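Asks: I am attaching a structure below and will ask some questions about it afterwards.
The values are calculated or read from the model by the stated rules, or taken from the named source; none is laboratory data. Quantities reported herein were computed from a predicted structural model and do not represent experimental measurements. Don't worry about glycine lacking a Cβ; one is built from the backbone with ideal geometry, like all the others, and counts go over all protein chains shown.
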């Protein structure tokens, strides 16, 4: 199934990838090629087959309700672009 | 169309023509020790910003979530109390969207296999018993807190505190079975009380540990279709919930009457304007791209385990009130007042269990003690007054060995000091004197001391008795049993025959 | 021969006998890196001070504990740069994590450190482990030590090349669709992907959560087994990590394949293998038969759909896992952006390379409203089919043999303009990833002077059996010769 420019723009927006028109064009071409190959999936006979929800064994699904030490604030915010009084600063939300 | 608050007096006419259809979504922070998917503290109150985080709740690259078993337990317990079905298979899903208070760029929540499905909540509205259906109860993680430097829409930046990110949040979704704003309020009151009884939430709406959003639409009375829905968010008190819904009824009715279109939108409450206001829609019809979280294995609950959790559901408020009424002959209001909070109901039952008569205990707890709690800003637990201590005092009152007035004074003193009021009675010799022989001496002395009062009383002036009673009380330093004193005085002061 | 070109087992023995010290091994490591890595490009960063300090501690421990010291004590290792290392920059081969210094370490890295291993640096990889040639690294390509104009494979190309060139003794990589096995095959070393859930993913910068696994690179199967043993096992910080006890692979490693039934999936050999690959594979199978194994064909019919399923599931999970890369709390951000949306879009557009952006879009599309059932859900159903096919096959045979890669190492730049061609590199490895079974690539020979690997796979949690058969392959085919890289003095 081909993917058109609107779909690419929509998906890029959902993923917060700032694409310019040339990028959108290129992505539409490349993704179309890939999706065509992926469409092989449609030929699979999956009647009555459950989707895989868990690979391997159940693992350790839960933990006990115990408190563990948190990171000191300097380490928690170590890479932060911008901070103020221990808070993470982000630009104006639009 | 004016943006000001629409008048409440228009509510009647609006409701005559239009029927509200209301459903509430309640988010309750669970009372676990640690967060939903990591070991940071769940109780973040008062902590300096970003001091309660770890790689997992910060959403650092490489960090992984592991589900808190106690949070699952508390959610299932809630479902049991709401008569929900507890499916044996459940899972966590990722809800994907970008917002600064959501560090991973997705929220771990539950989509199509929630922990609890269906159920109902019983509640009372204006004396009438109602039940509203529950759609589902599911478990998710809370986001961080966002502070705006200035308003959202104009300039400035935003500041993020992730202390709250990852706190376990239980979402209780109600079917749109509520038909008036008053009903909605009663539903929320009952739900909050239930959560307190279950020990899963602290009921604090001001601080945001319990949050309520409402969905409301109107339809013509007699219709059974559904109108265009408005979501009203962040209603953080019962009063605001009711008022916001009333304003919405008026707003929507006005538009419908004027045949203006209604948009499906999200609104918030403005205290300043006394009405709901449109909020900038987050993202038009956000596609959350839910999919099962591959970091969290699906949950398989065993029926035996579910039964152990069901057994944790305590006697619920309505059942408890009913039992107290029947066991102790309390009135409907008394029983309801005493069972409003589970700890206070426990307290009452211990007072009665320690020997105090139920009627007396009820009256004193609902009046005197409630008043003391309010005046001293202390809860019953923090007062230091044990149920056994109260019971002893109330027995003395009931046997008239201590006057009501004295008892009230002693209570006030004991409240917060840890003193035992019954002991104070003994220590200070405050026992009421009811012994007639002893009192007779004082009564006769009083009559002698106040001949005019005696004469006035005999002549028919009832109020003159007070002076004589006062005299006796003074002589007994307040410990005379006022009723006995009055009786003895009256016996010695027969009324003069009319001339 | 340099110590670094000898097996870990020999180095460990020498450390205990006093023939060499860890400090000396580390100096040798650093010298070789200095001489060779300019040409190979295996390392993104080297941490000489940390390494020397760790070597010193290891030497003390070796003196104190002697034979009782863990196998890995004092051994120089490399770590793929998707594994978080506390206090050491970790970039996942991406610009968006440039300068990211994790405040914690990945469990697998920690376990090796606790065993006394000496981490020498972080190895290059395709950006966020997305790729089959390491050319998608935002920082540098890595070159195949056997032929410097060719790719080492990917995404763990740096780790594979580092071991192949004798820059470290062993290294950790990660495998999602073949990212340990394929580079191991192309570089002539052993690379093992354990059963999904056998090794903790805590601290592994996630690509596809239901597929990623951490695993070792080494020169020999035994060395590989030793590293595997040190990192495998339950970890309460990873809910998908199995609580099952780890079966020690070492005791049964040399049991051989006599009497074992080994299956060869017909779909793989029909898959259009390069002639050299085909020849080496057939010869290896013959040698195993001569060693007493019964070789028989098996069928994995869903192989036809496996690559497509993988290229839906992995990008979908990645699109969600990479949403946290916003340049706000780590990595270079855009402080001058006027709005939050701009901050995010610019940071992500400039920070992610083209392949990563492509996969994020693909994954977002596959999860989006209206497409979820046709793509993501269907792919997960196909995945169930793949697992069922393997279960059926393993009812007949004890282990499965397959080529590791359909081709020899290709030239740098050859497949960069054609994503589909690049994805085809994974056709032999992806099905095992989908099923979650353990799989290893062992050097089986060479063609045109380039290494050819053979894959062995076993049922889930039969990692020990997998390594046992791998050992038999190594015994039958011989340990690969190291590449003929001439050491040059550091300029």
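Asks: Take region A:56-74 and flag every residue that is farther than 18 Å from residue C:202 by Cα and more than 7 Å from every other protein chain (Cβ to nearest Cβ).
Replies: Hits for region A:56-74 are A:72, A:74.
Asks: Oh, and also: Conditions first: (1) under 30 Å from residue C:390 (Cα atoms); (2) buried (at least 24 other Cβ atoms within 10 Å of the Cβ); (3) more than 7 Å from every other protein chain (Cβ to nearest Cβ). Residue C:303 passes all but one, so which condition is the exception?
Replies: Result: residue C:303 passes all but (2).
Table: residues versus (1) touching a strand residue (DSSP E or B) at 6+ places or on another chain (Cβ under 9 Å); (2) over 28 Å from residue B:469 (Cβ atoms); (3) modelled with pLDDT under 90.
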| residue | (1), (2), (3) |
| --- | --- |
| B:361 | no, yes, no |
| B:366 | no, yes, no |
| B:369 | no, yes, no |
| B:377 | no, yes, yes |
| B:388 | no, yes, no |
| B:430 | no, no, yes |
| B:433 | yes, no, yes |
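Asks: Condition check: farther than 30 Å from residue B:301 by Cα and within 8 Å of chain C (Cβ to nearest Cβ). Does residue A:40 satisfy that?
Replies: yes
Asks: Look through B:335, B:327 and report the one residue that is over 30 Å from residue B:489 (Cβ atoms), in contact with a helix residue (DSSP H, G or I) (Cβ under 6 Å, 6 or more places away or on another chain) and assigned to a helix (DSSP H, G or I).
Replies: The unique qualifying residue is B:335.
Asks: Quick check on region B:186-216: of everything there that is in a strand (DSSP E or B) and under 27 Å from residue B:127 (Cβ atoms), which residue is nearest to the chain's Cα centre (by Cα)?
Replies: B:210
Asks: Determine, yes or no, whether residue C:278 is part of a helix (DSSP H, G or I) and surrounded by fewer than 22 Cβ atoms within 10 Å (Cβ to Cβ).
Replies: yes
Asks: If you don't mind, another one. Of the residues that make up region B:83-91, is at least one more than 20 Å from residue C:341 (Cβ to Cβ), under 28 Å from the mean Cα position of the chain (by Cα), buried (at least 20 other Cβ atoms within 10 Å of the Cβ) and at pLDDT 95 or above?
Replies: yes
Asks: For the list (1) in contact (Cβ under 8 Å) with a residue 12 or more places away in the chain; (2) surrounded by fewer than 16 Cβ atoms within 10 Å (Cβ to Cβ); (3) under 30 Å from residue B:318 (Cβ atoms), I need the number of the one condition that residue B:254 fails.
Replies: Here residue B:254 clears every test but (3).
Asks: If only one of C:34, C:74, C:38 is in contact with a helix residue (DSSP H, G or I) (Cβ under 7 Å, 6 or more places away or on another chain) and either buried (at least 18 other Cβ atoms within 10 Å of the Cβ) or in a helix (DSSP H, G or I) (or both), which one is it?
Replies: Just one listed residue meets the conditions, C:74.
Asks: Going by the conditions given, is residue C:432 over 16 Å from residue C:272 (Cα atoms), assigned to a helix (DSSP H, G or I) and more than 21 Å from the chain's Cα centre (by Cα)?
Replies: For residue C:432, the condition - over 16 Å from residue C:272 (Cα atoms), assigned to a helix (DSSP H, G or I) and more than 21 Å from the chain's Cα centre (by Cα) - is not met.
Asks: Considering (1) surrounded by fewer than 17 Cβ atoms within 10 Å (Cβ to Cβ); (2) modelled with pLDDT of 95 or more; (3) outside the structural domain of residue B:102 (by TED's automatic domain parsing), say which one residue B:298 fails and leave the rest.
Replies: Status for residue B:298: all satisfied but (3).
Asks: A further question follows. From the list C:93, C:121, C:66, C:153, exactly one residue is in contact with a helix residue (DSSP H, G or I) (Cβ under 9 Å, 6 or more places away or on another chain), in contact (Cβ under 8 Å) with a residue 24 or more places away in the chain and surrounded by fewer than 24 Cβ atoms within 10 Å (Cβ to Cβ). Which is it?
Replies: C:66
Asks: So for region B:271-290 (the condition being buried (at least 19 other Cβ atoms within 10 Å of the Cβ), touching a residue at least 24 places away in the same chain (Cβ under 8 Å) and at positive phi), does at least one residue qualify?
Replies: Checked against the condition, which is being buried (at least 19 other Cβ atoms within 10 Å of the Cβ), touching a residue at least 24 places away in the same chain (Cβ under 8 Å) and at positive phi, region B:271-290 yields at least one hit.
Asks: Criterion first (outside any strand (DSSP E or B) and either closer than 26 Å to residue A:44 by Cβ or within 14 Å of chain A (Cβ to nearest Cβ) (or both)) does residue C:374 satisfy it?
Replies: So residue C:374 passes the test.
Asks: Hey, another quick one. For residue A:19, which of the numbered conditions (1) part of a loop (DSSP other than H, G, I, E, B); (2) over 22 Å from residue C:332 (Cβ atoms); (3) away from chain B (no Cβ under 14 Å) fails to hold?
Replies: Among (1) part of a loop (DSSP other than H, G, I, E, B); (2) over 22 Å from residue C:332 (Cβ atoms); (3) away from chain B (no Cβ under 14 Å), the lone unmet condition for residue A:19 is (2).
Asks: Within region C:392-421, which residues are assigned to a helix (DSSP H, G or I) and in contact with a helix residue (DSSP H, G or I) (Cβ under 8 Å, 6 or more places away or on another chain)?
Replies: Selection gives C:419, C:420.
Asks: Additional query: Suppose we filter A:53, A:77, A:81 for residues that are at the interface with another protein chain (Cβ under 7 Å from one of its Cβ atoms), free of Cβ contacts under 8 Å to residues at least 60 places away in the same chain and either more than 25 Å from the chain's Cα centre (by Cα) or under 24 Å from residue C:208 (Cα atoms) (or both); which single one remains?
Replies: One residue alone meets the criteria, A:53.
Rundown of residues vs (1) under 30 Å from residue A:50 (Cα atoms); (2) in contact with a strand residue (DSSP E or B) (Cβ under 7 Å, 6 or more places away or on another chain); (3) within 7 Å of another protein chain (Cβ to nearest Cβ), yes/no style:
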site: C:343; (1), (2), (3): no, yes, yes
site: C:346; (1), (2), (3): no, no, yes
site: C:360; (1), (2), (3): yes, no, yes
site: C:363; (1), (2), (3): yes, no, no
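Asks: Given the conditions (1) more than 21 Å from residue C:426 (Cα to Cα); (2) in contact with a strand residue (DSSP E or B) (Cβ under 8 Å, 6 or more places away or on another chain); (3) crowded, with 19+ Cβ neighbours inside 10 Å; (4) touching a residue at least 40 places away in the same chain (Cβ under 8 Å), and given that residue C:261 satisfies all but one, which numbered condition is not satisfied?
Replies: Status for residue C:261: all satisfied but (3).
Asks: Please verify whether region C:107-117 includes one or more residues that are within 14 Å of chain A (Cβ to nearest Cβ), at pLDDT 95 or above, crowded, with 24+ Cβ neighbours inside 10 Å and not in a helix (DSSP H, G or I).
Replies: no
Asks: Okay, moving on. Of all the residues that make up region C:209-257, how many are over 20 Å from the mean Cα position of the chain (by Cα) and assigned to a helix (DSSP H, G or I)?
Replies: Residues in region C:209-257 being over 20 Å from the mean Cα position of the chain (by Cα) and assigned to a helix (DSSP H, G or I): 3 in total.
Asks: Still on this structure, I have one more. Can residue A:13 be described as free of Cβ contacts under 8 Å to residues at least 24 places away in the same chain, within 11 Å of chain B (Cβ to nearest Cβ), assigned to a helix (DSSP H, G or I) and within 21 Å of the chain's Cα centre (by Cα)?
Replies: yes
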